[in-house]
Structure formats: C-alpha cells, structure tokens
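Colleague: Encoded as structure tokens, here's the structure I'll be asking about.
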Amino acid sequence: MSHIFPRNTRVTLPTAAKGDGCYLIDSTGKRYLDACGGAAVSCLGHSNEKVIEAIKTQLDKFSFAHTGFFGSEPAEELANKLVAQAPTGIDRVYLVSGGSEAMESAVKLVRQYFVEKGEHQRSHMIARWQSYHGNTLGALSAGGNKWRREMFGPLLIEMSHIDPCYTYRYMQEGETEEEYGLRAANLLEDEILRVGPEKVAAFFAEPVVGATMGAVPAVKGYLKRIREICDKYGILLVLDEVMCGMGRTGHIFACNEDEVRPDIVAVAKGIGAGYQPLGAMLCSKEIYDTIAEGSGFFQHGHTYMGHSLAAAAGSAVMDQLTEPGRMEHVRAMGEKLSAALHDEFGQHPYVGDIRGRGLFRALELVSDRGTKAPLDPSFKLHAKVKQNAMKAGLMCYPMGGTVDGKTGDHILLGPPFIIDDSHIAEIVEKLSLAMKESFTQVG
Ligand code: PLP
C-alpha cells in the first residue's frame with residue numbers, strides 16, 4: 001500500500017524506473033516517448049551525461065552551503081550565464097527551486113521595490129486571464145486560471161486581470177494581427193486608468209502562454225505596446241518564462257524574439273531540465289540598486305535557494321542550450337513538428353487550432369470548428385487523451401478548457417530539444433491513435 005499523497009487520488013500511475021534520451025521507461029520495461037518534457041521541463045532528455053557529470057563533480061566538493069552564510073561558484077557561474085543571454089538591462093539573478101518560487105519572489109520584489117522608493121500606494125498588480133504563474137498564493141493570485149484559483153478565494157492577493165492576447169478566440173473578423181495586438185495591449189491601459197495609475201505596481205504576462213491555453217504566443221507588437229504602456233505609467237513589466245523560456249521557443253529568452261525588455265523575468269523548468277529543482281528570478285539593475293541602496297535586504301528567501309547541485313546542473317544546461325546550432329535545431333524541429341501536426345490534424349473535425357513557437361506546440365480541441373465551441377467539459381477529453389497516449393507509449397500534456405468556456409481542451413507538446421525526424425513521426429502517430437480512441441470513448 002502506498003503512503004504517497006498523489007496530486008490526483010483517483011488514478012494509478014506507472015512507476016518510472018529509467019531515463020533514456022527522449023524516453024522514460026517504467027518498472028515493467030515499457031518505453032514512453034516524452035513529447036512534453038513532463039511539463040516542458042526535460043529539454044535535454046533523460047540521460048544527459050554532461051549534466052549528470054556536473055552534478056556529481058559538485059557533489060564531490062560540497063552539496064549545501066546556506067546562502068545566508070556563503071556564496072558559491074556554481075551559483076555565480078549560472079548567474080553570469082543567464083545574464084549573458086538575458087534581455088538588455090537584466091543584471092541580477094535570484095536562484096530558487098522552481099517556477100512558483102521564482103514568481104512568488106517576483107510578486108514580493110515588485111512590492112518591496114515600490115515600498116523602498118516611498119511609493120507605498122503602488123500595491124495593485126494586473127495580470128491576464130487564462131494564464132498560470134504558479135501555485136503558491138502570491139503567484140496563484142497573479143495567475144488567471146479560474147479552475148486553479150476557485151478553491152482559495154479569500155486567501156488570494158487582490159489583483160485584477162485583463163483578457164489575454166489570443167488570436168484564435170479574441171481576434172475579430174476584419175482585424176489584422178497588428179490591429180488586434182494593439183487592441184489587446186490597450187486593455188492594459190484601460191485597466192490602469194480604471195484602477196488609478198498611481199496605485200498600479202506591475203503587469204504580469206507569459207510571452208507564450210503555456211499550461212492554461214496551450215502554447216499561445218502573443219502577436220507581434222503586443223508586448224512592445226505593453227512595454228510602452230508600462231513605461232508611460234511607471235509600472236514594472238514582469239514576464240513569466242517559466243514554461244516558454246530556456247530555449248523552448250527557439251530562443252533562450254522568449255521575449256528576446258519579441259524584442260521586449262522586462263524589468264523582471266522568471267525562468268524554471270528547462271533551466272534545471274529535470275535534473276535538479278531549479279528556478280530563477282532575474283531583475284534589472286535599477287530594481288536591485290533600489291534595494292541595495294535602500295534597506296539592503298530583500299525580505300524574502302528560501303532555505304534551498306542557490307543550492308550548489310541545482311546551480312551546477314543549471315550551469316551545465318546553459319552550456320548546452322547555448323551551443324552553436326542548438327537554438328537553430330529547436331526552431332527547425334519546431335517547424336517540422338508543426339508541419340506534421342498540420343498534416344495529421346489540419347482537417348480533423350475536432351481540432352480548431354494548431355499553434356506555438358519552436359518546440360512548444362499545441363492543438364486546441366473544439367466540438368465544432370465553425371463556432372469554435374469548446375467540447376463538453378464532462379467528456380474530460382483531455383484526461384482521456386493523456387491516458388490513451390500513455391497506453392500507446394507517449395507522454396503529452398493535455399489540459400481541460402477554462403471553466404468559463406473561453407478556451408477549449410488542448411494538448412500541449414514540448415519534446416526534448418534532442419528529438420529527430422523519427423521522434424516527430426512517432427509523436428504524431430501515437431497522438432493520432434490516442435485521439436481516435438478518446439473520441440470513440442465519448443461517442
Ligand atoms: N509559471 C508558469 C508559466 C508555469 O507554467 C508554471 C508551471 O507550470 C509555473 C509558473 C509554476 O512552476 P512550478 O510548477 O515549477 O512551481
């Protein structure tokens with residue numbers, strides 16, 4: 001009998017036993033092609049020797065030195081490598097153990113920054129519906145995933161939300177992408193004016209929305225307009241690249257493709273690549289200096305922050321992500337994956353949209369391609385696809401539609417960056433099988 005408290009108490013899962021490149025193998029020897037990296041985590045596959053070696057080497061030196069007592073070489077190295085790739089102006093790195101910690105740190109840093117500047121009234125934060133920023137209460141407050149928020153109402157921090165940039169469901173007929181991007185971004189200005197510009201501290205967004213909508217990139221120009229609006233009102237721009245960052249979209253930082261400079265950016269998942277729990281909040285020199293020259297103490301922290309083994313792993317991951325040709329490969333394989341998905345599902349009666357960037361792709365499922373009506377949530381089609389895909393030996397990441405029906409069920413794909421053409425063919429073949437079986441099960 002198991003004493004583990006699982007996330008979902010109603011399902012029994014196979015036991016993972018071994019990793020082998022793009023595959024995970026369970027205790028019965030069955031192989032699963034990992035087409036989602038768990039949740040866009042395992043960007044270098046499951047048996048990367050360089051990362052494993054870096055962890056072992058560090059382990060031989062020391063494993064834990066509390067950041068209240070010591071700095072460490074692996075942490076310094078990783079910070080340097082991240083800043084070297086980060087958008088202009090980003091200068092400091094706060095190393096934590098995952099995405100929620102990184103985003104929670106961001107929420108608190110935003111608040112402390114304005115308190116230290118004497119702008120105590122700036123406590124309101126704005127984010128977007130259909131987003132996810134993590135499960136700790138500050139990060140959950142920023143997130144606009146109603147299903148995840150529902151249970152925790154009174155505990156959440158007051159934040160307001162605007163609609164996301166989501167062409168498939170929000171772009172109007174006759175509108176160009178550029179016009180739509182401007183209209184969607186201007187919703188932020190409307191909200192700032194509604195709240196009162198002097199009260200607003202920050203705006204939070206994922207450059208490519210991951211888990212809640214399924215690989216939805218903002219249209220060109222959207223984030224640039226968002227930046228302009230933030231600058232106009234002295235508001236910080238916080239970008240959450242926990243899922244879409246670290247090369248997932250074909251750029252180490254997704255926002256570099258959008259040519260946008262955030263004040264704070266969070267990464268996780270791919271930076272530890274599954275070898276260690278690791279996340280980072282990066283911020284501008286201006287924010288850091290305000291704290292350093294003010295109280296000198298960021299009123300936050302976690303015991304395991306800056307952990308040497310995690311930092312050593314992250315550093316080895318960064319070396320490989322920045323190898324010549326790596327991002328080009330992600331972009332090329334992303335195009336191939338997209339083409340294969342279009343070939344297989346482009347005419348599928350229940351696939352409304354196929355989208356994404358790099359090796360971050362998704363299908364959105366609908367009950368009617370014309371009306372775009374989401375599938376009946378009681379079908380739990382996403383759960384069926386996940387189960388049937390596992391049966392077929394494929395890991396993909398399906399999620400249910402949003403509770404207000406503004407997004408349909410979707411299937412997110414985020415395979416390791418080491419995939420080749422044969423893996424793409426296997427992903428599409430097994431996904432097609434899992435979809436067929438799932439739709440048969442709901443009649
Ligand atoms: N932010 C985004 C965009 C995410 O996708 C996630 C996790 O899926 C998080 C934050 C939270 O990260 P973690 O699960 O590592 O706490």
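Read-outs throughout are calculated quantities, based only on the coordinates presented, and are distinct from any laboratory measurement. Because the structure is a prediction, the values reported are computed rather than measured. Here the Cβ positions follow ideal geometry from the backbone for every residue, glycine too, while neighbour counts run over all protein chains shown.
Colleague: Starting from the Cα of D376, move 7 Å in the Cα-to-Cβ direction to define the label point; list residues of the range 385-419 whose amide nitrogen is under 16 Å from there.
Modeller: Counting backbone N atoms under 16 Å from the label point, the list is 401, 409.
Colleague: Please list, ordered by chain and number, the residues whose modelled amide H lies under 5 Å from the amide H of Y23; skip anything fewer than 5 residues away on the same chain.
Modeller: HN-HN under 5 Å from Y23: D34, H46.
Colleague: For R194 and D60, what is the calculated FRET efficiency with R₀ set at 60 Å and r taken between the beta-carbons, to the nearest 0.05?
Modeller: About 0.55, to the nearest 0.05.
Colleague: I'd like the Karplus ³J(HN,Hα) series for the range 164-170: coefficients 6.51, -1.76, 1.60, θ = phi - 60°, whole numbers in Hz, and an x wherever there's a Gly or Pro.
Modeller: In residue order, the calculated couplings are x, 8, 8, 4, 4, 10, 10 Hz.
Colleague: Now a separate question. What Kirkwood hydrodynamic radius, in Å, does the range 1-155 give when the mean of 1/r is taken over all pairs of distinct Cα atoms and then inverted?
Modeller: About 19.7 Å, per the Kirkwood formula over Cα pairs.
Colleague: Here's a follow-up. Could I get the Rg over Rh figure for the range 1-54? Both from C-alpha atoms, Rh via Kirkwood, rounded to two places.
Modeller: My calculation of the ratio gives 1.03.
Colleague: Which of I162, I235 comes first, and how do the rest follow, when ranked by fewest Cβ neighbours within 10 Å?
Modeller: Lowest count first: I162, I235.
Colleague: Here's another thing I want to ask about it. For the range 164-203, run through the trypsin sites (Lys or Arg not before Pro) and keep only the ones in DSSP coil with at most 11 other Cβ atoms within 10 Å of their Cβ.
Modeller: Here no loop site has a sparse enough neighbourhood.
Colleague: Could you list which residues have their amide H under 5 Å from that of A127, counting only those 5 or more apart in sequence or on another chain, with H placed in the peptide plane?
Modeller: Here S160, H161, I162, F204 satisfy the definition.
Colleague: Around E206, with a cut-off of 13 angstrom between Cβ atoms, what is the net charge of the other residues, counting Lys and Arg +1 and Asp and Glu -1?
Modeller: Its environment carries a net charge of +1.
Colleague: Treating cross-link reach as a plain straight distance, find the lysines whose alpha-carbon is under 19 Å from the alpha-carbon of K380, omitting any fewer than eight places away in the same chain.
Modeller: K146, K372, K391, K406, K436
Colleague: Per the helix-only calculation at 222 nm, which mean residue ellipticity applies to the chain, given -39500 (n - 2.57) for every DSSP H run of n ≥ 4 and division by its residues, nearest 500 deg cm²/dmol?
Modeller: Result for the chain, helices only: -12000 deg cm²/dmol.
Colleague: As a footprinting exposure proxy, order C230, C244 by other Cβ within 10 Å, with the fewest listed first.
Modeller: C230, C244
Colleague: Considering amide H positions built from the backbone, and no H for Pro or chain starts, which residues 5 or more places from G352, or on another chain, come under 5 Å of its amide H?
Modeller: Distant-sequence amide H within range of G352: E364, L365, V366.
Colleague: Enumerate the residues in the range 49-91 having an amide nitrogen under 13 Å from the point lying 7 Å beyond the Cα of D289 toward its Cβ.
Modeller: Residues 89-91 fall inside that zone.
Colleague: Please report the net charge: other residues with Cβ closer than 12 Å to the Cβ of M305, K and R +1, D and E -1.
Modeller: With Lys, Arg at +1 and Asp, Glu at -1, the neighbours total -2.
Colleague: Determine the shape class of the range 176-219: with a ≥ b ≥ c the square roots of the Cα gyration tensor eigenvalues, call it rounded for a/c under 1.5, and otherwise prolate if a/b is greater than b/c, oblate otherwise.
Modeller: Since a/c reaches 1.5 but b/c is at least a/b, the shape of the range 176-219 is classed as oblate.
Colleague: Also, quick follow-up: May I ask for the Rg/Rh ratio of the range 75-199, computed from Cα atoms with Rh as the Kirkwood radius, given to two decimals?
Modeller: Checking Rg against Rh, the ratio lands at 1.01.
Colleague: Could you tell me which of C283, A84, G98 has its Cα farthest along the dipole of the range 51-322 towards the positive end, charges placed at Cβ (Lys, Arg +1; Asp, Glu -1), taken about the Cα centre?
Modeller: G98
Colleague: Report the FRET efficiency, 1/(1 + (r/R0)^6), for Y168 and V403, where r is their Cβ-Cβ distance and R0 is 25 Å, rounded to 0.05.
Modeller: 0.85
Colleague: Also, quick follow-up: Hey, what's the Cα Rg ratio for the range 230-361 versus the globular rule of thumb, 2.2 N^0.38 Å?
Modeller: With N residues counted in the range 230-361, Rg over 2.2 N^0.38 Å equals 1.30.
Colleague: Could you go through the range 275-291 in sequence order and give the Karplus-derived ³J(HN,Hα) for each residue, using 6.51 cos²θ - 1.76 cosθ + 1.60 with θ = phi - 60°, rounded to whole Hz, and x for Gly and Pro?
Modeller: In residue order, the calculated couplings are 7, 8, x, 8, x, 8, 10, 10, 9, 6, 4, 4, 5, 4, 4, 4, 6 Hz.
Colleague: Right, next: For the range 51-322, rounded, prolate or oblate, judged on the Cα gyration tensor with a ≥ b ≥ c (square roots of eigenvalues), a/c < 1.5 rounded, else prolate if a/b > b/c?
Modeller: Cα axes put the range 51-322 in the prolate bin.
Colleague: Still on this structure, I have one more. With a cut-off of at most 16 other beta carbons within 10 Å, and DSSP calling the residue loop, which trypsin sites (Lys or Arg not before Pro) in the range 24-126 qualify? Please list them.
Modeller: Here the sparse-neighbourhood loop sites are K30, K117.
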